[in-house]
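First comes the structure, then the notes that go with it.
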Amino acid sequence: MNADYTNAIEIKNISKKYDGFTLDNVSFHVPKGSIMGFIGQNGAGKTTTINALLNIVSIDSGEISMLGKDHIKEEQEVKRHISAIFDTLPFHDIFNAKDLSFILRDVFEEWNEQTFYDYLDRFQLPKNKKFGQFSKGMKMKLQIAAALSHNAKLLIMDEATTGLDPVVRNEILDIFLEYLQDEENSILMSSHITSDIEKISDCVTFIDRGKILLSGYKDDILEQHGMMKCTKAEFKDVNPADYISARVNDFGAELLTANRETCKKAYSGITIEPTTLEEIMLYYVHRDKKEWSICAD
C-alpha cells in the first residue's frame, strides 16, 4: 500500500439521520502515527461514526478516507490494511484459536500465524479452548491478537476496554503503545473511559448528541481548559461567557473554562486548577443547563 498520506483517517462533514438521532456534519482527522481518543457518553454518536467508517452504515452526506483512500470506492483495498476491535467478540463460540488462524489466513494476504501464536502465548490464551468458554478479558485479548497479526496499519476500536478490570486494561493499553512504535501505524480508540484515553492518546475528539464539540491534540485541550473554584459570592461576578458550565452546591461553585489563561488574568482572586478529560466531558454535557448541582440528572 502507498503510505504517502498525512492522516490515517479523514472525516469531512458526514451526516446520518435516524429517527430520534442525527450524526450532524461531523468532521475530524487522525494524524498518521497517532492515537486518537474518541470520547463521549453512551449514545453520543461514537458507534455510528465508526460504523460509517467501516461502511457498515451508509452516510447521507460527506466524505471519508482511510489510509489515503476513499472508504467506499477503494473499500476492499482499505480493509486489507485495517483492523476493527469491538466490545463483543465477532467470532463464533464454537471456534478455537487454531480454527481462527486457519480462517483468517485466507482472509488477509499478510496473515502471520507465528505472530498470532506469539500473542496467544503472551496473553496466556489457549489454542484449543472454544471461545464460548473464554472470559470477557480473554475475548478482548483474542481480538487484539488477531488484529495485530496481519500487518494492519490502522486499528479502529469501539469501546474495546469497557467492562475489563484495570490490570487487563493496562496490559492492553501497553500493547497499543508498542504498536505505535512503528510510526506508520495509527489508532482510533472510541471509549467513554476517559482515564484510558488520557493515559495513551495523542489527540482527542469529543462528540456529544451527534456533534463534534472538541477535536485536537490532547495536551492543548487540557492546557486550554481549567477548573475555576470559588465561593457563591465570587460566582455571581463571573461572566457566563467565560465558562462552559458550573456545578453549584451550598458551599460554592466549580466552573469549567475553555480559556484558562484569560480567566487567570480576569479573576485573579479565584483559584483555577488543571482539569481532566472526564471533567471536560462532564461539564460540556451540562452546557445547556449552564448551572447544575451534583444531584442533577
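Numerical summary
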item	result
Accessible area in the full protein assembly, largest first, 1.4 Å probe, for PHE102, PHE131	PHE102, PHE131
Neighbour-limited loop hits for trypsin sites (Lys or Arg not before Pro), region 1-78 (at most 14 other Cβ within 10 Å; DSSP other than H, G, I, E, B)	LYS73
Accessible-area composition of the chain, carbon plus sulfur, in percent [1.4 Å probe]	46
Equivalent ellipsoid dimensions for region 18-80 as semi-axes, Å, which come from the Cα gyration tensor, largest first	21, 16, 10
Whole-number percent relative contact order across the chain, with pairs defined as alpha carbons under 8 Å at least 6 apart	20
Qualifying trypsin sites (Lys or Arg not before Pro) in region 124-186, DSSP loop, other Cβ atoms within 10 Å at most 14	LYS127, LYS129, LYS130
Structure-based [θ]222 nm, the chain - -39500 (n - 2.57) summed over DSSP H runs of at least 4, per residue, nearest 500	-8500 deg cm²/dmol
Normalised alpha carbon radius of gyration of region 237-296 [divisor 2.2 N^0.38 Å]	1.06
Relative contact order for region 143-201, counting Cα pairs under 8 Å that sit 6 or more residues apart, in percent	47
Förster radius 30 Å - calculated FRET efficiency between ASP99 and THR22 (Cβ-Cβ, nearest 0.05)	0.15
Stretchable slack from GLU261 to GLU178, in nm (0.36 nm times residue separation minus alpha-carbon distance)	26.4 nm
The chain: Cα Rg divided by the 2.2 N^0.38 Å rule of thumb	1.12
Accessible surface, per residue, of region 72-186 when the full set of protein chains is kept, probe 1.4 Å, Å²	50
Charge-dipole axis of the chain as Lys and Arg at +1 and Asp and Glu at -1 on Cβ define it, positive-most pick from PHE123, GLY226, ASN239	ASN239
Under Karplus coefficients 6.51, -1.76 and 1.60, residue-wise ³J(HN,Hα) of region 224-233 in Hz, glycine/proline x	6, 8, x, 9, 8, 10, 8, 7, 5, 5
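The values are calculated or read from the model by the stated rules, or taken from the named source; none is laboratory data. Values in this document were obtained by computation on a predicted structure and should not be read as measured data. Because the Cβ atoms are built from the backbone with ideal geometry, glycine has one as well, and the counts that use them run over all protein chains shown. We work out accessible area using only protein heavy atoms, side chains counted, and drop any ligands, DNA or RNA first. Shrake-Rupley method; radii C 1.70, N 1.55, O 1.52, S 1.80 Å.
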